[in-house]
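Undergrad: My structure is below; once you've seen it, I'll send some questions.
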Amino acid sequence: MTNVVHAEWTKLRTLPGTGWLLLAAVALTAAVGALATNSVTCPAGGCQLDPAKVSLTGVDLGQAIVAIVAVTVVSGEYSTGMIRLTLAATPRRWRVLAAKAAVVGAATLATGAVAVLASVLAGGLLLGRHGFTAAHGYEALSLGNGSVLRAAAGSVLYLALIALFSLGVAAAVRDSAVAIGVVLALLFLFPILSSVITSPGWHRHLEQLSPMTAGLYIQATTNLRSLPLTPWQGLGVLAAWAAGAMLAGALLLRFRDA
Amino acid sequence: MSVMTPYHSEMHVRRDGFAQLLRAEWTKFRTVRGWVIGMLVAAFLIVGLGALTGANSECSVADVTPQNPNPPIQACPAPPSGPGGEWVSDSFYFVRQPLVGDGSITVRVTSLTGLYSTHGGFASDQNPTAGMTPGVQPWAKAGIIIKTSTHRGSAYAAMMVTGSHGVRMQWDFTHDVAGMAGQVSAASPRWLRLTRFGDTITGYDSADGAHWTKVGTATLAGLPSTAPSGLFAATPGYSVNSTSLGGGSSTGGPALATAAFDRVGRVGRWPAGRWTGQEIQGTTDIALPASAQGFTQAGGRLTVSGSGDIAPSTDNVDSVKQALAGTFAGLIAVVVIGVMFITAEYRRGMIRTTLAASPRRGRVLAAKAIVLAAVTFTAGLVAVAVTIPLGERLLRQSGNPIYPVDALTMTRIVVGTAALLAVSAVLALAVGTMLRRSAGAVTAVIVGIVLPYLLARIPGVLPAGAEQWLVRVTPAAAFAIQQSAPQYAQVTANYSPGTGYFPLAPWAGFAVLCAWAAAALVLALFLLRRRDA
């Protein structure tokens, strides 16, 4: 198994695109977070803003880049025919998928940690200048605060789960364009539908089922009671999606010709 | 020794083979099963998600009273329609007498004051203004009005003073003309006059009652010879649109406007001889109960207090937006196909054959763009033309009032949405040509179009300033083509993408997407010519 992981790591490491994409994920996540933070103001009367969520807005964009990396790891092999060599070398196919998951997951965790740390630091620097002060009832944004730490660590896990979800979808679908289309559709369509479907039950269920909406509850640090799920339950929803996609990918990889 | 005869094709040599190129690209498209299925999937997603939204967006009201604690649940009522068919708010306090035939009414307004609620409601039916804050809303209005009837939504023309927009002449809800600027006070009163001649009503204002300026002229369709005419007061509720990430909602409550009038002059036949007060009010408007409104008369001085608004309704549930929720799913499918239309050629090496057959590479890209745009437009047009009536029918069955959209606007929405899908597909083709990699190209286009829209449209994700900016400059601006209700300068409302209002005009927003697609095509052409295939 170590050899399989090592092989996958070599493949990922030596692709020229990977490094740039992961770098872009860090830069864009932090930049969008800083832009969002810079555009909010909290007046003296107080506001309903969630400072942790604002500074982590960039994760919305970062997840798309993480998804590209994860999809390419599988689909790239199919488009070049490399998959036949890979499966010839490792006939127990689930091991290939597990090794890919380990490598991509680890790379995403590392990237996500840097991106989230940069966002929180930027948030801490900028929020104080936009009215998020002790006088308005806000503590400075810091990882020392339990719920901020949960939001930050949870966002890193969120990115890693998005990577696993994308990996599973790509293993099931194989073609990179279709795979990334399916991933982005499942992420973006639920919030769009839940914003127009007004029956309260449906609205609530769509939010609870949405991998993106529910998964991002992990970033909430204020008004937790208004959420239909607790933050960790929300991340659990995304984990279930990721597990389902990985299972489907593994089964199709096992029983289908490459 | 044998002589070799060189081979000559039977086909004619033609200078321009663009039609053949188009045919070749069309053949490629229609013979790849996945793309045809993908296009059908896009159309079914648009229709299916529209139907899903329509069927699961119930709207119901139940009028619970102490006498009847379990009333039957009814469909949500539609607001009244104005003379132009649009939904309107028509709630105010009307102090009236019939004016028979031609004539005029003149008043002097000496003050306009107000009260408003900041907590969403009012104290009690007996004493609704208890605890309210003094202050006049910017569009609080009081003045004189001639109306076809006392039914809500009937045609009218009015001259009024407003809280902070000076003197205005307004008629038939959507028309608004500015008169004298500045606020009314005892030291600086405003004189207002309305003159009826046939169906035509002319409004005048004056600072001193001697020098009059014409403000505007309105022609009211179906104005009867006896028209209820007189004084009125109304004010929209107080509202603060919170720009927060947590809420994005409006907070506020109903308000009351009180105006003092004197020097009331009537010309023509006013047979009643005395004023009658009446609150015009409906359940769909934000207004205080009747007990807060009213008028007093002392000598030549009348004081009128009213609540509600005489204006187009902006608090619309956007039925078109709900019916077209599936556009995004269709868009994602179309973008995937657009990218694959070119990246598949690179993956299979087909591009070398394509470019060998047509060495002028720009024409290949043009042929691909035309075929893709035509196919997408057709599929999109059929899907949207089916979805809107189907979605609205289901919404109506779920108890929703359907916002009236005129035929021209509806045509723009249907054709514009199909064009939006087609141009997005071309953008995807161009980005696919640039990047040659499917995953990156699909993500770039989807994130460029859908994510800004998602962030801007779902309230509470981004602050208002950033929302407006996103739907101005990103390709998501094109969704302005789906805006069904116009924005009115004379109504304060939460005009944001989240409530269905875009900062750019419909076709201007669409032009932003076209500019992105054009720029991407130019760059793609440059790279296609420059790089080895």
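Here, each number is a calculation from the coordinates, and none is a lab measurement. These figures come from a predicted structure and were not determined experimentally. Cβ atoms come from the backbone with ideal geometry, glycine included; neighbour counts cover every protein chain shown.
Undergrad: Mind giving me the nanometre distance, one decimal, between the label points for B:Ile37 and B:Thr296, set 7 Å out from Cα along Cα→Cβ?
TA: 7.9 nm
Undergrad: Another question, if that's okay. At a Cα cut-off below 29 Å, give the lysines reachable from B:Lys321, other chains included and same-chain residues fewer than 8 away excluded.
TA: Those lysines meeting the cut-off are A:Lys53.
Undergrad: Just tell me which lysines come within less than 23 Å, Cα to Cα, of A:Lys100; anything on the same chain fewer than 8 places away is out.
TA: Within the straight-line limit of under 23 Å, A:Lys100 reaches these lysines: A:Lys11.
Undergrad: With θ set to phi - 60° and the Karplus curve 6.51 cos²θ - 1.76 cosθ + 1.60, what are the ³J(HN,Hα) couplings of region A:68-73 in order, to the nearest whole Hz, using x for Gly and Pro?
TA: So the J values, rounded to whole Hz, are 4, 4, 5, 5, 5, 4.
Undergrad: Could you give the length gained on full extension between B:Phe18 and B:Ala518, defined as 0.36 nm per residue of separation minus the Cα-Cα distance, in nm?
TA: Details: separation 500, 0.36 × 500 = 180.00 nm, distance 2.04 nm.
Contour length minus Cα-Cα distance gives 178.0 nm.
Undergrad: Another question, if that's okay. What percent does the relative contact order of region B:88-312 come to when contacts are Cα pairs within less than 8 Å and at least six residues apart? Walk me through the intermediate numbers first.
TA: Numbers: 690 pairs, mean separation 77.2, N = 225.
So the answer I get is 34 percent.
Undergrad: Taking 7 Å along the Cα-to-C-beta vector as the label spot, tell me the B:Asn70-B:Thr150 distance in nanometres, rounded to one decimal.
TA: Spacing of the two 7 Å Cα→Cβ label points: 3.8 nm.
Undergrad: Report the relative contact order of region B:107-188, percent, no decimals, based on alpha-carbon pairs under 8 angstrom and at least 6 residues apart.
TA: Numbers: 149 pairs, mean separation 20.9, N = 82.
Computed value for region B:107-188: 25 percent relative contact order.
Undergrad: Could you go through region B:184-200 in sequence order and give the Karplus-derived ³J(HN,Hα) for each residue, using 6.51 cos²θ - 1.76 cosθ + 1.60 with θ = phi - 60°, rounded to whole Hz, and x for Gly and Pro?
TA: Each residue's phi maps through the Karplus curve to give 7, 7, 4, 6, 10, x, 10, 9, 10, 9, 10, 10, 9, 9, x, 8, 9 Hz.
Undergrad: Based on the Cβ-Cβ distance of B:Ala221 and B:Arg360, what FRET efficiency does E = 1/(1 + (r/R0)^6) give at R0 = 56 Å, to the nearest 0.05?
TA: Details: r = 60 Å, r/R0 = 1.08.
According to the calculation, E is roughly 0.40.
Undergrad: Are there chymotrypsin sites (Phe, Trp or Tyr not before Pro) in region B:480-533 that DSSP puts in a loop and that have at most 11 other Cβ atoms within 10 Å, and which ones? Don't jump to the answer; show the numbers that get you there.
TA: Working: sites: B:Tyr488, B:Tyr495, B:Tyr501, B:Trp507, B:Phe510, B:Trp516, B:Phe526; in loops: B:Tyr488, B:Tyr495, B:Tyr501.
Of the chymotrypsin sites (Phe, Trp or Tyr not before Pro), not one in the loops of region B:480-533 has a Cβ with at most 11 other Cβ atoms within 10 Å.
Undergrad: Work out the FRET efficiency for B:Arg266 and B:Ala178 from their Cβ-Cβ distance, taking R0 = 22 Å, and round it to the nearest 0.05. Write down the numbers at each step before the final one.
TA: Working: r = 26 Å, r/R0 = 1.18.
The pair B:Arg266/B:Ala178 has a calculated efficiency of 0.25.
Undergrad: Additional query: Relative contact order of region A:2-255, please, whole-number percent, based on alpha carbon pairs below 8 angstrom and at least 6 residues apart. Walk me through the numbers before you get to the answer.
TA: On the way: 402 pairs, mean separation 60.4, N = 254.
About 24 percent, as a whole number.
Undergrad: Could I ask something else about it? B:Lys28: which aspartates and glutamates have alpha carbons under 12 Å from its alpha carbon, excluding same-chain residues fewer than 8 sequence positions away?
TA: List returned: B:Glu345.
Undergrad: I've got another one for you. Which trypsin sites (Lys or Arg not before Pro) from region B:288-380 combine a DSSP loop assignment with at most 14 other Cβ atoms within 10 Å? Numbers along the way, then the final one.
TA: On the way: sites: B:Arg301, B:Lys321, B:Arg347, B:Arg348, B:Arg352, B:Arg360, B:Arg361, B:Arg363, B:Lys368; in loops: B:Arg360.
Taking region B:288-380 and a limit of 14 other Cβ atoms within 10 Å, the loop trypsin sites (Lys or Arg not before Pro) found are B:Arg360.
Undergrad: Still on this structure, I have one more. May I ask for the Rg/Rh ratio of region B:88-312, computed from Cα atoms with Rh as the Kirkwood radius, given to two decimals? Walk me through the numbers before you get to the answer.
TA: Working: Rg = 16.9 Å, Rh = 17.4 Å.
With Rg and the Kirkwood Rh in hand, the quotient comes to 0.97.
Undergrad: If r is the Cβ-Cβ distance from A:Phe255 to B:Ala374 and R0 is 35 Å, what FRET efficiency results, to the nearest 0.05?
TA: Values: r = 40 Å, r/R0 = 1.13.
Computed FRET efficiency for A:Phe255 and B:Ala374 comes out at 0.30.
Undergrad: Using a 7 Å offset from the Cα along the Cα-to-Cβ direction at both B:His211 and B:Met4, what is the distance between the two label points in nm, to one decimal?
TA: Rounded to a tenth, the inter-label distance reads 10.2 nm.
Undergrad: Per residue of region B:137-152, what does 6.51 cos²θ - 1.76 cosθ + 1.60 with θ = phi - 60° give for ³J(HN,Hα)? Whole Hz please, x for Gly and Pro, Karplus curve as stated.
TA: 3J(HN,Hα) across region B:137-152, in whole Hz: 6, x, 9, 4, 9, 8, x, 10, 8, 10, 10, 5, 7, 8, 6, 5.
Undergrad: When the Cα centres of region B:341-356 and region A:106-170 are compared, how far apart do they sit, in Å?
TA: First find each Cα centre; the distance between them is then 43 Å.
Undergrad: Tell me, for chain B, which Cys residues have no other cysteine's C-beta sitting closer than 4.7 Å.
TA: B:Cys514
Undergrad: For B:Arg360, what residues show an amide H to amide H distance below 5 Å, using hydrogens built from the backbone and excluding near sequence neighbours?
TA: none
Undergrad: Need the full-extension length gain, B:Gln487 to B:His119, defined as separation in residues times 0.36 nm minus the C-alpha distance. One decimal, nm.
TA: On the way: separation 368, 0.36 × 368 = 132.48 nm, distance 2.64 nm.
Net length gain for the segment: 129.8 nm.
Undergrad: Starting from 0 in steps of 20 Å, tell me what percent of the Cα-Cα pairs of chain B lands in each bin.
TA: 19, 40, 25, 12, 2, 1, 0
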